[in-house]
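The values are calculated or read from the model by the stated rules, or taken from the named source; none is laboratory data. Note that the structure is a prediction, hence the values are computed from the model and not measured. In this analysis, Cβ positions are derived from the backbone assuming ideal geometry, glycine residues included, and neighbour counts consider all displayed protein chains.
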Amino acid sequence: MRSTLALAVAFALGLLSRPASAQRTAGGVEYATAGRLYLDAGARDGLAPGAVLALRRGEKAAGTCRVEVVSETHATCLGNGRPGDTFPLDARPEPAEATPARTGAGPLADAEAARRRRTLENATFEKVDFRGAARPTLLSGKTDVQLGYFTWAATGVGPWHQERLDAAVRGAPVGGGFSLFADLSARYWSTRSGPAVARPDDNWQLYVWEAELVRRPPSGLAVALGRIRPWVAPGATIVDGVQAGWRTKGNVEFGVFGGAVPDPSTTSPAFDRSTGGAYLAFQSVGDTHSTVRYAREEFRLAYVNSPELGRRLELEGLEQMSLGKIFDLGIQGRIAKPEFASTLLDSFSADLGFHPLEKFSLMGAFRFQGSSVPEADGPGVINLGGVTRHADVTARWDVVPWLNLAATSGMAEDPTGFSRRFAGPEIGLPRLFGEVGGASAGYLFEDGWSGGHTAWMQILTRRPRGLQCLLRVFWYRTRGLTALAEDELGASASLSAQLGPFVALRLTALGRAGGTPGTQPLAARSLLAGSFDLALAGRF
Amino acid sequence: MIVSGHGPKGTGCASCHSTENWRRVSFDHEQTGFPLRGRHSLASCSGCHASADFSTAVPTSCSACHRDVHTGEFGTRCATCHDEESWRSKFDPDAHRRTNFPLTGRHAAIPCEECHLDQRDRRFTRATVDCFTCHQADYARAATISIDHVAAGFPTTCRDCHNPWSFQSGRFPAHDACFQLAPGPHAGIPCLGCHTSLTGTLPTGACATNTADCIRCHSCPNPMTQVHQNVAGFQCFKPRKCYECHQFTVTSLKRQRRFR
């Protein structure tokens, strides 16, 4: 019986593997790795090493691959693709000579097959674990370097030029369990025409936000020293000092931090500013079926001393929570007790994401900044400001994969009573150009101390892979800002190209023309402004 | 046989790995609902997934992985300004229209740090959108390049006269009540092109400043004198006498010409 069944299966397989009477016109990708495709066609279908195959995904082109190794019925191909991709087959070459039919050995006897199976099952072998060679630290992918050029210009004002080098290191191991984190920017203003507000006498500027050695094991002593941005201490500014804490296996961390606070305008070390305090943090991550998929609570209690605000005690808290896939909440608030004043609410923000349906989401945010947020305003000028509020809400409906609709509304208010409100629709066609990209358009009606209208349209493409291109045109009409209404028409282009595994090119250009309806139309082209920036970014 | 680090479900090696290399993983992350775009596509799996068995949920909010350099000012919504390509801000003048201060004119073509000077905490909150808060120095500097705003007693509501493109060619809408400047042939003439002095010309609504000097441009000899020979009280060398009749609003000009 089993012999009969085996024969039947062999016959069926033979039928399947037999050359079709009609020549195949297309082959397919059966399996894909990161750089190699496994094809269901081989030499008998006309494939030969070195041939370039044009892949298709449905009706769309999906790149090419180069045939690597060919067997009679299968082949491998170097390139990127997915299982299911197809490719056309050319005419089958005539065989050079008839190959003799292969005559396989007959089926094994049951006893022999059983003996061989037992031998295999009883064989002992060692498990192996592949461990590649250690990667060189300098190529760990944790270092970003960007060389940039920026320029701004407007009618009647000569251009501003800035050359700039930005560097960031995010956790490069340096030994002893420590990693290096750094974030800095060196800028040179080669041209600043007209009066400058920001550091007018410093054409060379160096900003250092982070230069810290960090040790943060999953549990145990956590240490950071240098110019640190205190970890899991919400709202903490950067300090030249140290942070030390203890991390438990239950994802709780507590500790202290302190040091001198750099100057807010230059980030240069300063000794008239300082902070010190304690922090407590907890994080919980559930599995994919948990109700609470993610929860994070952080608290900071700190003494802060600065020339603008004097000595104060600050308490800040952060709460983030994701409930299932439906609800995301983020709340952060800070209260302060100045030395000679009563306790006040310094800042508060709330972010809400609500996804009751798979294709519908509601996003909202509220921001409050209290009266004691200093804003440097030129050398020696510090505005302590006043209360500002901002709120917005956006509803989005992904109607079908190629169409989404959104509506947004919001308001912003500042202490002198100026406020603005806005609302408007948005439509997105993310697959207008298939896999290449899509387009979207929107409109905002604006009301308040400077009301008006905004309309825009943009195209975003993400193909070929590694290249992102954004083109946008916009029109503004602004009323109330001056005695007459202002019209502006502009366009911007942004391009990001990954030139290789380590290097990317980024470019942004913006141009706009202004006019006054009735007296100075846009077509006069007498009011023009623009900006341009180009950056070469490396990742090592 | 391989020792799997992915827990009990981790025996289907070929769904992600190939025989080429353990490190080169092919996994369609799009099916998880979090497509890896831009720089995320270059991240290592363990950079986000602390547990190798991938059964632990990874929060999709940016702030769960990325530290906040803005000290909480913008909450958890990084995507308002940043995308997956880089940390470079995409918050452009377009986006600025959703704040309390639309960037029009030259405001859209200056570096962000000219207004937002807090480099340390990278905050962007401004105290107020009132022009004078930023342009105090320009108000004072006007004395050296055009009109002494302080001496003239000009108000500090800059936008009453100036547009966001330039401080030059300031408009003075209140002037039209006395003597229309725009539209018309007097549009664009600098204040001191007509006025002998602006000191003390605090705009009060009163038209008589006694400083307008019409005959700088309008000559007095014939034929003007002949035209005005029947106008009672006409005195050529007293400019005030000109605008007592010629207020030069569009309607008044037509009317006066009709009476002539």
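For region A:294-326, the tally of residues that are within 11 Å of chain B (Cβ to nearest Cβ) and under 25 Å from the mean Cα position of the chain (by Cα) stands at 11. If you filter region B:147-161 down to residues that are within 13 Å of chain A (Cβ to nearest Cβ) and free of Cβ contacts under 8 Å to residues at least 24 places away in the same chain, you find that the one that is nearest to A:Ala154 (Cα to Cα) is B:Cys161. Looking at A:Thr267, A:Thr275, A:Thr291, can you tell me which residue is over 25 Å from B:Ala57 (Cβ atoms) and within 27 Å of the chain's Cα centre (by Cα)? Only one candidate passes the filter, namely A:Thr267. In the set (1) under 29 Å from the mean Cα position of the chain (by Cα); (2) more than 10 Å from chain B (Cβ to nearest Cβ); (3) part of a strand (DSSP E or B), A:Gly245 fails one condition alone, (1). Looking across region A:439-454 at every residue that is surrounded by 18 or more Cβ atoms within 10 Å (Cβ to Cβ) and over 17 Å from B:Phe101 (Cβ atoms), the one that is farthest from the other protein chains (Cβ to nearest Cβ) is identified as A:Ser440.
Could you list all residues from region A:310-353 that are in contact with a strand residue (DSSP E or B) (Cβ under 7 Å, 6 or more places away or on another chain) and polar (S, T, N, Q)? Step through it out loud before you land on a result.
First, pick out the residues of region A:310-353 that are in contact with a strand residue (DSSP E or B) (Cβ under 7 Å, 6 or more places away or on another chain): A:310-339, A:343-353.
Once the filter is applied, which keeps residues that are in contact with a strand residue (DSSP E or B) (Cβ under 7 Å, 6 or more places away or on another chain) and polar (S, T, N, Q), region A:310-353 yields A:Gln320, A:Ser322, A:Gln332, A:Thr343, A:Ser347, A:Ser349.
Mind listing whichever residues of region B:89-130 are closer than 21 Å to A:Leu510 by Cβ, in a loop (DSSP other than H, G, I, E, B), touching a residue at least 12 places away in the same chain (Cβ under 8 Å) and at the interface with another protein chain (Cβ under 7 Å from one of its Cβ atoms)? The answer is B:Thr104, and nothing else. Residue check: A:Glu339 meets all listed conditions (1) farther than 25 Å from B:Arg122 by Cα; (2) within 13 Å of chain B (Cβ to nearest Cβ) but one, namely (2). Residue check: A:Leu344 meets all listed conditions (1) more than 10 Å from chain B (Cβ to nearest Cβ); (2) surrounded by fewer than 18 Cβ atoms within 10 Å (Cβ to Cβ); (3) among the hydrophobic types (A, V, I, L, M, F, W, C); (4) more than 28 Å from A:Arg389 (Cα to Cα) but one, namely (4).
Rundown of residues vs (1) modelled with pLDDT of 95 or more; (2) farther than 26 Å from A:Ala167 by Cα, yes/no style:
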residue: A:Asp202; (1), (2): no, no
residue: A:Arg215; (1), (2): yes, no
residue: A:Ile228; (1), (2): yes, no
residue: A:Thr237; (1), (2): no, no
residue: A:Gly241; (1), (2): yes, no
residue: A:Thr266; (1), (2): no, no
residue: A:Ala270; (1), (2): no, no
residue: A:Thr275; (1), (2): yes, yes
residue: A:Gln283; (1), (2): no, yes
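When the residues of region A:402-421 are filtered to those that are in a strand (DSSP E or B) and charged (D, E, K, R), which remaining residue is nearest to A:Arg389 (Cα to Cα)? Please lay out each step first, then the result.
Filtering region A:402-421 down to residues in a strand (DSSP E or B) leaves A:403-413, A:419-421.
Checking which are charged (D, E, K, R) leaves us with A:413, A:420-421.
Values: A:Glu413: 5, A:Arg420: 11, A:Arg421: 12 Å.
Ranking the candidates gives A:Glu413 first.
Would it be correct to say that B:Thr156 is touching a Gly at 6+ places or on another chain (Cβ under 6 Å) and more than 17 Å from A:Thr388 (Cβ to Cβ)?
Values: touching a Gly at 6+ places or on another chain (Cβ under 6 Å): no; more than 17 Å from A:Thr388 (Cβ to Cβ): yes.
When the stated conditions are applied, B:Thr156 does not pass them.
Collect the residues in region A:141-173 that are assigned to a strand (DSSP E or B), in contact (Cβ under 8 Å) with a residue 40 or more places away in the chain, within 11 Å of another protein chain (Cβ to nearest Cβ) and more than 15 Å from B:Trp87 (Cβ to Cβ), keeping them in residue-number order. Correct list: A:Phe150, A:Thr151, A:Trp152, A:Ala153, A:Ala154, A:Gly171.
Restricting attention to region A:469-492, the residues that are facing chain B (nearest Cβ under 9 Å), at pLDDT 90 or above and in contact with an Asp or Glu (Cβ under 9 Å, 6 or more places away or on another chain) total 5.
Against the definition (loosely packed, with under 15 Cβ neighbours inside 10 Å, at pLDDT 90 or above and either within 30 Å of A:Leu362 (Cβ to Cβ) or of a type in the set (D, E, K, R) (or both)), how does A:Arg334 come out, yes or no?
Numbers: loosely packed, with under 15 Cβ neighbours inside 10 Å: no; at pLDDT 90 or above: yes; either within 30 Å of A:Leu362 (Cβ to Cβ) or of a type in the set (D, E, K, R) (or both): yes.
Against the criterion (loosely packed, with under 15 Cβ neighbours inside 10 Å, at pLDDT 90 or above and either within 30 Å of A:Leu362 (Cβ to Cβ) or of a type in the set (D, E, K, R) (or both)), A:Arg334 does not qualify.
If you take the residues in region A:174-213 that are of a type in the set (Lys, Arg) and not in a loop (DSSP other than H, G, I, E, B), which one is nearest to A:Gly241 (Cα to Cα)?
Result: A:Arg187.
Looking across region B:70-92, the residues that are over 19 Å from A:Arg539 (Cβ atoms) and in contact with a Lys or Arg (Cβ under 8 Å, 6 or more places away or on another chain) come down to B:His70, B:Thr71, B:Gly72, B:Glu73, B:Phe74, B:Gly75, B:Cys81.
Residues satisfying the criterion are absent from region A:42-55 (criterion: under 15 Å from A:Pro88 (Cβ atoms), surrounded by 15 or more Cβ atoms within 10 Å (Cβ to Cβ) and of a type in the set (Val, Ile, Thr)).
Considering every residue within region A:223-230, establish whether at least one is surrounded by 21 or more Cβ atoms within 10 Å (Cβ to Cβ), in contact with a Gly (Cβ under 8 Å, 6 or more places away or on another chain) and closer than 29 Å to A:Pro173 by Cβ. Taking every residue of region A:223-230 in turn, at least one turns out to be surrounded by 21 or more Cβ atoms within 10 Å (Cβ to Cβ), in contact with a Gly (Cβ under 8 Å, 6 or more places away or on another chain) and closer than 29 Å to A:Pro173 by Cβ. If I ask for residues that are more than 8 Å from chain A (Cβ to nearest Cβ) and either over 43 Å from the mean Cα position of the chain (by Cα) or in contact (Cβ under 8 Å) with a residue 60 or more places away in the chain (or both), which ones from region B:18-30 would you list? Of everything in region B:18-30, those that are more than 8 Å from chain A (Cβ to nearest Cβ) and either over 43 Å from the mean Cα position of the chain (by Cα) or in contact (Cβ under 8 Å) with a residue 60 or more places away in the chain (or both) turn out to be B:Thr19, B:Phe27. With respect to the conditions (1) at the interface with chain A (Cβ under 8 Å from one of its Cβ atoms); (2) within 18 Å of the chain's Cα centre (by Cα); (3) touching a residue at least 12 places away in the same chain (Cβ under 8 Å), B:Tyr139 falls short on a single one, namely (1). Look through region A:29-67, keep the residues that are within 14 Å of chain B (Cβ to nearest Cβ) and part of a loop (DSSP other than H, G, I, E, B), and return whichever of them is nearest to the chain's Cα centre (by Cα). Taking the candidates together, the pick is A:Ala34. Annotation for region A:261-270: no member residue is outside any loop (DSSP other than H, G, I, E, B) and either surrounded by fewer than 20 Cβ atoms within 10 Å (Cβ to Cβ) or within 12 Å of another protein chain (Cβ to nearest Cβ) (or both).
Is there a residue in region A:204-212 that is at pLDDT below 95 and either more than 13 Å from every other protein chain (Cβ to nearest Cβ) or out of contact with any helix residue (DSSP H, G or I) (no Cβ under 7 Å at 6 or more places or on another chain) (or both)?
Restricting attention to region A:204-212, the residues satisfying the condition of being at pLDDT below 95 are none.
Within region A:204-212, not a single residue is at pLDDT below 95 and either more than 13 Å from every other protein chain (Cβ to nearest Cβ) or out of contact with any helix residue (DSSP H, G or I) (no Cβ under 7 Å at 6 or more places or on another chain) (or both).
Of all residues in region B:64-86, those that are more than 7 Å from chain A (Cβ to nearest Cβ) and of a type in the set (Ser, Thr, Tyr) total 1. Could you tell me which residue of region A:248-260 is surrounded by the fewest Cβ atoms within 10 Å (Cβ to Cβ), considering only residues that are in contact with a Ser or Thr (Cβ under 8 Å, 6 or more places away or on another chain) and not in a strand (DSSP E or B)? Once the filter is applied, the top-ranked residue is A:Lys249. Residue-level check: of (1) more than 30 Å from A:Pro234 (Cβ to Cβ); (2) at pLDDT 75 or above; (3) surrounded by fewer than 13 Cβ atoms within 10 Å (Cβ to Cβ), B:Cys13 misses just (3).
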